[in-house]
Number of protein chains: 2
Amino acid sequence: MKKIINDPDEVVSEALAGMAQAHPDLITVRTKPDYVVRADAPVEGKVALVSGGGSGHEPLHGGFVGRGMLSAAAPGAVFTSPTPDQVLAATQAVDGGAGVLHIVKNYTGDVLNFETAAELAAAEDIEVRSVIVDDDVAVKDSTFTAGRRGVAGTVLVEKIAGAAAERGDSLDEVTAVAEKVVRQVRSMGVALTPCTVPHSGEPSFELGDDEIELGIGIHGEPGREKVKLQPADAIVETLLTAIVDDLPYAEGDQVLLFVNGMGGTPVIELYLAYNSARKFLSDKGIEVSRSLVGNYITSLEMQGMSITLLRLDEQLTELWDAPVSTIALRRDA
Amino acid sequence: MKKIINDPDEVVSEALAGMAQAHPDLITVRTKPDYVVRADAPVEGKVALVSGGGSGHEPLHGGFVGRGMLSAAAPGAVFTSPTPDQVLAATQAVDGGAGVLHIVKNYTGDVLNFETAAELAAAEDIEVRSVIVDDDVAVKDSTFTAGRRGVAGTVLVEKIAGAAAERGDSLDEVTAVAEKVVRQVRSMGVALTPCTVPHSGEPSFELGDDEIELGIGIHGEPGREKVKLQPADAIVETLLTAIVDDLPYAEGDQVLLFVNGMGGTPVIELYLAYNSARKFLSDKGIEVSRSLVGNYITSLEMQGMSITLLRLDEQLTELWDAPVSTIALRRDA
């Protein structure tokens, strides 16, 4: 295992300490229990958004804390759910009196621990709603999941719901728009290489020198199949066919196309895959009106990518375009 | 070789086509010869900035084209200098009558081809100045370089000189501030794994399973030495000791600390290394007043990082803080 770390037990806390010092204008990191919170939290009178999950997917979620996106993020150990007390503390810290929305990726541990935290918060008269993101079309039920896994679509839920909260929408309204994004977003990924969790020291799965895994999970959970390495156009066709057929997306749809790197893939390959995806969607008569390309939800140093489509309408487009000030996503006012 | 590509000959052109479609609000890509240009170029009456170099270092340089940074970028083949006709066409496209500054990383091919382009542009009465970036303290003279290599400091030169051009500074003034950044910036890198150029299909160098290379170049050029894998604190101490002793940076200095990923390193490790760097600099009495952490100048899928220090003063801080709208670096007005 080759990593730039000191002690596997301290990877998350040292990285959080670094993030706090690098971005004091945007975030504050609180410890024991650990969470990342907007520097100006709580924002009185506005709905607050809390997400979280295992570490190792950076910039998700801490990199999306800030004006127009998340109010706080609870980072677990690498690939491990955050504890209920982390989520509760984050929820308490950001509550501005208008309620708190929990955005939860669909992994059994995350769902349970956010539920527990929501119950504890409710006992303190904080109004909490939850939305579960399950955008991965690759498989039903998986290593850590009942139903579908929550993957890159989570970034879009956080951005769009965050914009709704920022402009002053009510908890009902913010929850409704988050649920709408979940209904209209689908994703699927591919791995070229495995990744190694610092604690285990061994790759999370194996792939031959000429093999890739279609439908991989963001923790290396099994996908649909291992196949020989293919050209980018063929990989993209496989992912997008599964995605488009699932919702389904149809001719005339306007979509946001998100090509996400798994951490170890060069940006040049992500743009190349984006180009392949544009050709595929153009042939289907699906119009790409918004785009996101980069490493936004990663799996440590895994090489690979995921593709995400979100069907847009006027409401979602306006919220997507709204200003945002976070470490990983910034857009001018 | 495992890459998300179609044909090695088309990697750069397909990635550029993807970039153009993903970011039409920020950039335009022109072909034959290929270059990336601000969507609103030329900007009349303002100094224009042109950079470029081999592809494979994305987001450098195309990801830094936009308001407040580069006017255009000329991307060569992977790890190959852009041709003089690319640089000339980019220079012609952005000239707004106030002159053009070429920002060139110190590699022999880049320097020669930018010189040729500058001479051809001068023959067309375009006033061109050049600044050569050579911030890598690791080695003198290298595989593709006489003198020191130009590495991550280039990002800071482009941002700061771009801000000076954007506010309307003259060509003399923009050139002077770029040269000042070059004088005050130093970098050094480390590789944990090699990378593979698509055309060659083989790793550019070899490292044992427990080995890292200190002082690596961004194309895998030899560094100072191969050593056994060390804790992050020790790696950072080695890099920063070389950097601090070189300029030298002194107690009381205010600096920008830039921890840059080589492409395949997880963001969590970059923040962990940033935390190590803060401890080291604090012990030396060097104050970090600005920060940049992420994958900004990469070496394809190489795992590793570089650390860069820039000594700041009021002028450089103000220009660093100025708004910027590019693919990879955005900051609110």
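Some notes on this structure:
- Kirkwood hydrodynamic radius of the protein assembly as shown, from inverse mean 1/r over distinct Cα pairs, in Å: 24.8
- Calculated [θ] (222 nm, deg cm²/dmol) that DSSP helices of n ≥ 4 give over chain A, each run adding -39,500 (n - 2.57): -10500 deg cm²/dmol
- For the range A:233-305, the Kirkwood radius over C-alpha pairs fed into Stokes-Einstein at 37 °C and 0.692 mPa s yields D = 261 µm² per second.
- With every protein chain in place, chain B: carbon and sulfur % of accessible area (1.4 Å): 47
- Comparing Cα centroids, the range A:87-123 and the range B:78-145 end up 54 angstrom apart.
- Cα gyration tensor category, rounded, prolate or oblate, for the range B:10-183 with a/c compared to 1.5: rounded
- Long-range amide H partners of B:ARG67 with built H, under 5 Å: B:SER325
- Across every pair of non-identical alpha carbons in the range A:164-290, the mean reciprocal distance, once inverted, gives a Kirkwood radius of 16.6 Å.
- The modelled label-to-label distance for the pair B:GLU10/B:GLU206, using points 7 Å beyond Cα in the direction of Cβ, is 3.5 nm.
- As an equivalent ellipsoid, chain A spans semi-axes of 30, 24, 17 angstrom, where each value is the square root of five times an eigenvalue of the C-alpha gyration tensor, largest first.
- Chain A, relative contact order [Cα under 8 Å, separation at least 6], %: 18
- Gaussian network model of chain A, Cα within-10 Å springs - most flexible of A:SER130, A:SER13, A:SER299: A:SER13
- When A:HIS199 is represented by a point 7 angstrom out along its Cα-to-C-beta vector, the spacings to that point in the other copies are 4.6 nm, nearest first.
- Once the convex hull of all Cα atoms in the range A:96-247 is built, its volume per residue stands at 129 Å³.
- Distances between copies of A:GLY96, taken at a point 7 Å out from Cα along the Cα→Cβ vector and listed shortest first: 3.7 nm.
- Annotation for the A:B interface, with buried accessible surface near 4800 Å², both sides summed [1.4 Å probe; non-protein components not counted].
- From phi via Karplus (6.51, -1.76, 1.60), per-residue ³J(HN,Hα) for the range B:252-260 in Hz, x at Gly/Pro: x, 5, 9, 9, 9, 9, 10, 9, 10
- Greater than 22 Å apart at Cα, pairs in B:LYS180/B:LYS279; A:LYS159/B:LYS279; A:LYS32/B:LYS284; B:LYS140/B:LYS284; A:LYS3/B:LYS279; B:LYS46/B:LYS159: B:LYS180/B:LYS279; A:LYS159/B:LYS279; A:LYS32/B:LYS284; B:LYS140/B:LYS284
- Our coupling estimate for the range B:9-21, obtained by passing each phi through the Karplus curve with A = 6.51, B = -1.76, C = 1.60 and θ = phi - 60°, is 5, 10, 4, 5, 5, 5, 5, 5, 4, x, 4, 4, 6 Hz, Gly and Pro reported as x.
- Positions from the range A:4-41 whose accessible area shrinks by 20 Å² or more when the full protein complex is built, not the chain alone, probe 1.4 Å: A:ILE4, A:ILE5, A:ASN6, A:VAL11, A:GLU14, A:ALA15, A:GLY18, A:MET19, A:GLN21, A:ALA22, A:HIS23
- The range A:129-195 - Kirkwood radius from inverse mean 1/r over Cα pairs (Å): 12.9
- Between the range A:181-234 and the range B:286-330, the C-alpha centres lie 32 angstrom from each other.
- Solvent-accessible area per residue, Å², over the range B:238-333 with all protein chains present [probe radius 1.4 Å]: 30
- Across A:SER81, A:SER276, A:SER204, the residue with the most accessible area heads the list, and the full order at a 1.4 Å probe is A:SER204, A:SER81, A:SER276.
The values are calculated or read from the model by the stated rules, or taken from the named source; none is laboratory data. Model, not experiment: these values are computed from the prediction. With ideal geometry, Cβ positions are generated from the backbone for all residues, glycine too; neighbour counts draw on all protein chains shown. To get the accessible areas, we keep the full protein, side chains included, count just its heavy atoms, and leave off ligands, DNA and RNA. Shrake-Rupley method; radii C 1.70, N 1.55, O 1.52, S 1.80 Å.
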